[in-house]
Amino acid sequence: MNKKFELPLCDQCHSRIHSVFGDLKDSDVKSLNENKCGNIYKKGQVLFYEGNKPTGLFCVNKGKIKTYRINADGKEQIIRLAKEGDVLGYSSLISGDLYSSSAAVIEDAIICYIPRNVFLNLLDSNTTFSMKMIRLLSHDLKSSEDRVVNLAQNTVRERLAETLLMLEEFGGTENDGKTLRTSLSREEIANIVGTATETTIRLLSEFRSDGLIELEGKRIKIVNRGLLLKAANVED
């Protein structure tokens with residue numbers, strides 16, 4: 001971690017409102033505020049590694065994070081992207097298992113950290129919070145099942161188009177309403193799609209030639225969303 005800084009108070013945190021902690025009682029918010037710590041993380045820094053023992057919950061106050069696994073060939077597979085209001089590491093905390101993936105910063109971030117015992121005590125004492133966590137775990141399970149089907153049944157072209165639409169939903173667009181705010185390297189996009197970087201570069205060039213997108217360095221602009229939806233084989 002970097003040097004300490006003054007964390008935002010939980011009762012004044014704009015990210016908490018849209019998170020699993022949004023409906024907590026004042027006493028629970030006070031407990032979180034008294035027990036949390038946190039820091040500023042720069043792009044590329046790792047929050048936790050696959051195989052390590054979890055000791056607490058990570059809450060994203062600002063910035064963007066990727067969770068990923070490294071396969072037997074040393075290739076990274078991005079599993080999930082997280083942003084303001086999202087939490088990380090909860091599955092392993094609840095199950096008592098080691099981390100099943102690693103997490104690294106893809107956009108400079110402020111991350112709060114809640115110790116394991118504080119998180120588990122909140123689960124035990126607050127039914128509403130427990131139900132939110134159950135729904136979150138259920139959503140994760142469905143996402144994993146959908147990903148297996150996606151990899152098995154969809155072409156790489158379809159998966160790339162769907163990934164661009166996901167990035168639009170995840171991070172939104174710039175003021176022009178077209179340029180994706182979330183800027184990933186071509187390799188990172190390939191690691192989401194589940195293909196080679198060279199294939200991703202070639203297909204992005206095809207999308208540009210076909211009038212679906214425009215490319216400006218790392219930035220991607222969706223210029224014809226209808227055609228991109230068609231390429232992804234999904235309905236709006």
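Bear in mind these aren't lab numbers, they're just calculated from the coordinates by the rules spelled out. Computed from a predicted model, the values in this text were never measured in an experiment. Using ideal geometry, Cβ is built from the backbone for each residue, glycine included, and neighbour counts are taken over all protein chains shown.
Compute, for the chain, the length of the dipole vector about the Cα centre, with Cβ point charges of +1 (Lys, Arg) and -1 (Asp, Glu) only. Units Debye, rounded to 20.
Computed charge dipole of the chain: roughly 440 debye.
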Length gained, D73-D124, 0.36 nm per residue minus C-alpha separation, equals 14.3 nm
Computed over the range 54-119, the distribution of all Cα-Cα distances in 5 Å bins, rounded to whole %, is 4, 17, 26, 24, 18, 8, 2, 0
Karplus-derived 3J(HN,Hα) from phi for the range 182-189 (6.51 cos²θ - 1.76 cosθ + 1.60, θ = phi - 60°), whole Hz, x at Gly and Pro, runs 7, 9, 10, 5, 4, 5, 5, 4
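Taking a ≥ b ≥ c as the square roots of the eigenvalues of the Cα gyration tensor of the range 154-232, is the shape rounded (a/c under 1.5), prolate (a/b larger than b/c) or oblate?
Verdict is rounded for the range 154-232.
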On the formula 1/(1 + (r/R0)^6), with r taken between the Cβ atoms of I201 and S27 and R0 of 45 Å, the FRET efficiency rounded to 0.05 is 0.25
In order over the range 106-118: 3J(HN,Hα) from phi, Karplus 6.51/-1.76/1.60, θ = phi - 60°, whole Hz, x for each Gly or Pro, gives 10, 8, 2, 9, 10, 10, 9, 10, 10, x, 3, 5, 5
Counted neighbours (other Cβ, 10 Å), sorted fewest up, put K230, K36 in the order K230, K36
By the Cα gyration tensor axes a ≥ b ≥ c (a/c under 1.5 gives rounded; else a/b larger than b/c gives prolate, otherwise oblate), the shape of the chain is prolate
Per-residue ellipticity at 222 nm attributable to helices in the chain (runs of n ≥ 4 DSSP H, -39500 (n - 2.57) apiece, nearest 500 deg cm²/dmol) works out to -13000 deg cm²/dmol
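Would you mind ranking C37, C112 so that the residue whose beta carbon has the fewest other beta carbons within 10 Å leads the list?
In increasing order of surrounding Cβ atoms, one gets C37, C112.
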A chain fully extended from K221 to K142 at 0.36 nm per residue, minus the present Cα-Cα distance, gains in nm 25.5 nm
Set K25/K64; K30/K132; K30/K142; K64/K218; K43/K66; K83/K230, cut-off 22 Å on Cα-Cα distance; pairs above it are K25/K64; K30/K142; K83/K230
For the chain, any Cys whose C-beta has no other cysteine C-beta under 4.7 angstrom counts as unpaired, and these are C10, C13, C37
